[in-house]
Amino acid sequence: MSNYPRGSEWRKWDLQVQTRLDAGYGCFGVSSLTKDQLDILKAATDLTEVEITSQEKTIPPEKYSKLFVSYITNFTDVSVVGITDHNSGKELDSLLQEAGQTDGKLVILPGVEVSSTQGIHILCLFDPQKKWKATWAESIAHLLTELGISGTGFNPQNQPLSSTKNAQEILELVEQKGGVCIFAHIGTENG
């Protein structure tokens, strides 16, 4: 009872969050930050106004992770985030490390979004404590190889490559690795 003196608590989760590595990502600088919000982010991250309001693709992963986590913890009521970049897990390790410094205010679930041979988009999410390689970036890269997604995971037009596995095979492989799958875009043709 000491952890929850008021009883159970409702928490908001967002299990399909992409980072700056995803082709469809819109940077924080594009959003209309107020001066007060900008001041909060500058104080929380030690980033300059230019670093915060410019395209975050130009700042190092550690700085980006501070900005990402600070933005969520200061300006949203989301407690759990699933990081599901298309065919990539490269930002996961720095984001998990930064979220680990929030005393439980933000939990990040490592994951990836993949497409099956049928064109179905699937979010693959994992327990942050159970990576099967030295890092989450390596774990997701290994999973993508097992799913038949090779190279950078993108075609020359920067669109994500599809897996060589069908949805059932993806579900089984992710389950073997201790993960869970969620069908993304459920209300659309590729959901």
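Observations
- Pairwise Cα inverse-distance average, inverted: Kirkwood Rh of the range 122-185 (Å): 12.4
- Under the span-like rule (Cα at least 24 Å along the axis, Kyte-Doolittle mean at least -0.5), DSSP H helices of the chain: none
- Each of Trp136, Thr19, Thr53 was placed along the dipole of the chain (beta-carbon charges, centred on the mean Cα), and the one lying farthest toward the positive end is Trp136.
- Extension gain, Gln159 back to His185 (0.36 nm per residue minus Cα-Cα distance, nm): 7.7 nm
- Our helix-only sum for the chain, with -39,500 (n - 2.57) per DSSP H run of n ≥ 4 divided by its residues, gives a mean residue ellipticity at 222 nm of -9000 deg cm²/dmol.
- Pairwise Cα distances in the range 85-191 exceed 18 Å in 47 percent of cases.
- Cβ charges +1 (Lys, Arg) and -1 (Asp, Glu), total dipole of the chain, debye: 140
- The DSSP beta bridges internal to the chain are antiparallel in roughly 55% of cases.
- Within the chain, the proportion of Cα pairs with more than 21 Å between them is 53 percent.
- Of all aspartates and glutamates in the structure, those lying under 16 Å Cα to Cα from Lys165, and not within fewer than 8 positions of it along the same chain, are Glu113, Glu146, Glu175.
- Protein-only accessible surface order, largest first, of Leu21, Leu92, Leu173 at 1.4 Å: Leu21, Leu173, Leu92
- For Lys90, a cut-off of 16 angstrom between C-alpha atoms picks up these lysines, skipping any fewer than 8 places away in its own chain: Lys57, Lys63, Lys66, Lys131, Lys133.
The values are calculated or read from the model by the stated rules, or taken from the named source; none is laboratory data. The structure displayed is predicted, hence computed values, not measured ones. Because the Cβ atoms are built from the backbone with ideal geometry, glycine has one as well, and the counts that use them run over all protein chains shown. Ligands, DNA and RNA are stripped out before the accessible areas are found, and what is left, the full protein with its side chains, is counted by its heavy atoms. Shrake-Rupley method; radii C 1.70, N 1.55, O 1.52, S 1.80 Å.
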